[in-house]
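First the structure, in the form of structure tokens, and then the observations on it.
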Amino acid sequence: MKISKQHNLLIFGPQGSGKGTQAEILSKKFGIPAISAGAALRRIADEDSERGKKVKEYLNKGELVPGDLTNEIMRERILEDDCEKGFIFDGFPRNEKQMNFILKQGIPIDLLIVLQLSDEDGVSRIAGRRTCANGHPYHIKSDPPKIEGFCDDPCKLPLFQREDETAEAIKERLRIYHEETEPLIETLRERGILTLEIDARPKIQEIANEIQKKILETHGSL
Ligand code: ADP
């Protein structure tokens with residue numbers, strides 16, 4: 001598949017729906033970077049600084065990091081050379097304020113992919129989730145790395161269970177998803193942005209195929 005102009009994608013979905021995994025697959029397929037707001041914020045939380053400490057508190061509680069920090073990180077990231085042909089936002093925007101930021105900046109959005117999964121299924125998937133510091137996600141059963149405990153090439157970083165995967169933090173993240181992120185779907189639809197609703201229950205590759213099939217049907221190619 002060839003990319004003819006810039007294509008900017010958003011992926012929404014509740015916790016455990018496989019957003020990050022699908023964003024990485026699409027990124028490889030279409031040659032545009034997947035940009036995870038959560039991974040970028042976790043890198044800041046690891047800094048030994050006042051800012052790092054504050055961000056970490058929000059992450060561990062499962063709350064959105066307030067203010068313009070996330071907006072600024074995402075805005076700066078898409079100015080980098082590898083976003084020339086487009087990008088995939090994973091975990092951004094998550095509320096109306098962030099969506100208005102995107103619209104105000106004049107960042108065009110071509111497509112919204114919404115992964116659909118029940119909270120119950122998501123929570124049970126998260127129990128087996130492992131992530132590297134760059135945010136590449138694995139699952140100990142359904143999507144294990146080639147070498148146990150380590151991210152695949154070229155990353156190779158150790159995998160860990162995230163500190164914010166406690167039952168309470170996940171409950172709060174799901175609440176935010178349903179109350180603040182889901183309503184954005186309708187607003188984006190009203191603005192004429194094409195929305196693909198995808199069942200997130202099948203196997204990873206089946207979901208990826210379904211997304212690509214729908215992109216072909218609606219866009220011809222990306
Ligand atoms: P998940 O999608 O499973 O919640 P992420 O890695 O995308 O996992 O996000 C983890 C955490 O990072 C969130 O709970 C929140 O604290 C923070 N975060 C992620 N995206 C945003 C955002 N757009 N704005 C503010 N905080 C965010």
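What residue, among those in region 179-202 that are more than 18 Å from the chain's Cα centre (by Cα) and of a type in the set (Lys, Arg), is nearest to Pro144 (Cα to Cα)?
Arg189
Working only within region 139-184, note down all residues that are under 24 Å from Ser124 (Cβ atoms), out of contact with any Lys or Arg (no Cβ under 8 Å at 6 or more places or on another chain) and among the β-branched types (Val, Ile, Thr).
Thr166, Ile170 - these are the residues of region 139-184 that are under 24 Å from Ser124 (Cβ atoms), out of contact with any Lys or Arg (no Cβ under 8 Å at 6 or more places or on another chain) and among the β-branched types (Val, Ile, Thr).
Among the candidates Gln205, Gln212, which residue alone is away from the ligand (no atom under 16 Å from the Cβ), in a helix (DSSP H, G or I), within 20 Å of Gln116 (Cα to Cα) and touching a helix residue (DSSP H, G or I) at 6+ places or on another chain (Cβ under 7 Å)? Break it down into steps so the answer makes sense when it comes.
On the way: Gln205 fails: touching a helix residue (DSSP H, G or I) at 6+ places or on another chain (Cβ under 7 Å).
Gln212 is the lone residue from the list that is away from the ligand (no atom under 16 Å from the Cβ), in a helix (DSSP H, G or I), within 20 Å of Gln116 (Cα to Cα) and touching a helix residue (DSSP H, G or I) at 6+ places or on another chain (Cβ under 7 Å).
Suppose we keep only residues that are within 11 Å of the ligand (Cβ to nearest atom) and assigned to a loop (DSSP other than H, G, I, E, B) within region 125-165. Which one would you say is surrounded by the most Cβ atoms within 10 Å (Cβ to Cβ)? So that I can check it myself, show each step before the final result.
Start the filter on region 125-165 by keeping residues that are within 11 Å of the ligand (Cβ to nearest atom), which leaves 125-126, 129, 131, 135, 137, 162-165.
After this cut, where a residue has to be assigned to a loop (DSSP other than H, G, I, E, B) as well, the list is 135, 162-165.
On the way: Gly135: 24, Arg162: 17, Glu163: 12, Asp164: 21, Glu165: 20.
Filtering region 125-165 for residues that are within 11 Å of the ligand (Cβ to nearest atom) and assigned to a loop (DSSP other than H, G, I, E, B), the one surrounded by the most Cβ atoms within 10 Å (Cβ to Cβ) comes out as Gly135.
Can you go through Ala45, Ala39 and tell me which one is touching a residue at least 60 places away in the same chain (Cβ under 8 Å) and either within 27 Å of Thr166 (Cα to Cα) or surrounded by fewer than 16 Cβ atoms within 10 Å (Cβ to Cβ) (or both)?
Working: Ala45 fails: touching a residue at least 60 places away in the same chain (Cβ under 8 Å).
Ala39 is the lone residue from the list that is touching a residue at least 60 places away in the same chain (Cβ under 8 Å) and either within 27 Å of Thr166 (Cα to Cα) or surrounded by fewer than 16 Cβ atoms within 10 Å (Cβ to Cβ) (or both).
Go through region 166-183 and give me each residue that's within 11 Å of the ligand (Cβ to nearest atom) and hydrophobic (A, V, I, L, M, F, W, C).
Ala169, Ile170, Leu174, Ile176
Just one of the numbered conditions (1) at pLDDT 95 or above; (2) out of contact with any Leu (no Cβ under 9 Å at 6 or more places or on another chain); (3) surrounded by 14 or more Cβ atoms within 10 Å (Cβ to Cβ) is not true of Ile107; which one?
(1) is the only condition that Ile107 fails.
Would you kindly identify the helices (runs of 4 or more DSSP H) lying entirely within region 15-83 that contain at least 2 residues that are within 20 Å of His136 (Cα to Cα), aliphatic (A, V, I, L, M) and away from the ligand (no atom under 11 Å from the Cβ)?
On the way: elements: 19-30, 37-45, 50-61, 69-77.
Correct list: 19-30.
Within region 10-19, does at least one residue satisfy the condition of being in contact (Cβ under 8 Å) with a residue 12 or more places away in the chain and surrounded by fewer than 19 Cβ atoms within 10 Å (Cβ to Cβ)?
Quick first cut of region 10-19, residues in contact (Cβ under 8 Å) with a residue 12 or more places away in the chain only: 10-19.
From what is left, the residues that are surrounded by fewer than 19 Cβ atoms within 10 Å (Cβ to Cβ) are none.
Within region 10-19 (the criterion being in contact (Cβ under 8 Å) with a residue 12 or more places away in the chain and surrounded by fewer than 19 Cβ atoms within 10 Å (Cβ to Cβ)), the answer is no, since none of the residues qualifies.
In the set Asp119, Asp90, which member is in contact with a strand residue (DSSP E or B) (Cβ under 8 Å, 6 or more places away or on another chain), acidic (Asp, Glu) and either away from the ligand (no atom under 12 Å from the Cβ) or modelled with pLDDT of 95 or more (or both)?
Values: Asp119 fails: in contact with a strand residue (DSSP E or B) (Cβ under 8 Å, 6 or more places away or on another chain).
Result of the check over Asp119, Asp90: Asp90.
Which condition breaks for Ile107 when tested against (1) more than 8 Å from the ligand (Cβ to nearest atom); (2) within 11 Å of the chain's Cα centre (by Cα)?
(2)
Being crowded, with 16+ Cβ neighbours inside 10 Å and part of a helix (DSSP H, G or I) is the requirement here; does Lys171 meet it?
Numbers: crowded, with 16+ Cβ neighbours inside 10 Å: no; part of a helix (DSSP H, G or I): yes.
So Lys171 does not fit the description; no.
Inside region 84-101, can you point out the residues that are farther than 16 Å from Glu180 by Cα and surrounded by 16 or more Cβ atoms within 10 Å (Cβ to Cβ)? Let's see the steps before the verdict.
So the first thing to find is which residues in region 84-101 are farther than 16 Å from Glu180 by Cα, and the list is 84-89.
Result: Lys85, Gly86, Phe87, Ile88, Phe89.
The values are calculated or read from the model by the stated rules, or taken from the named source; none is laboratory data. Just so you know, these numbers come straight off a predicted model, no measurement behind them. Cβ atoms come from the backbone with ideal geometry, glycine included; neighbour counts cover every protein chain shown.
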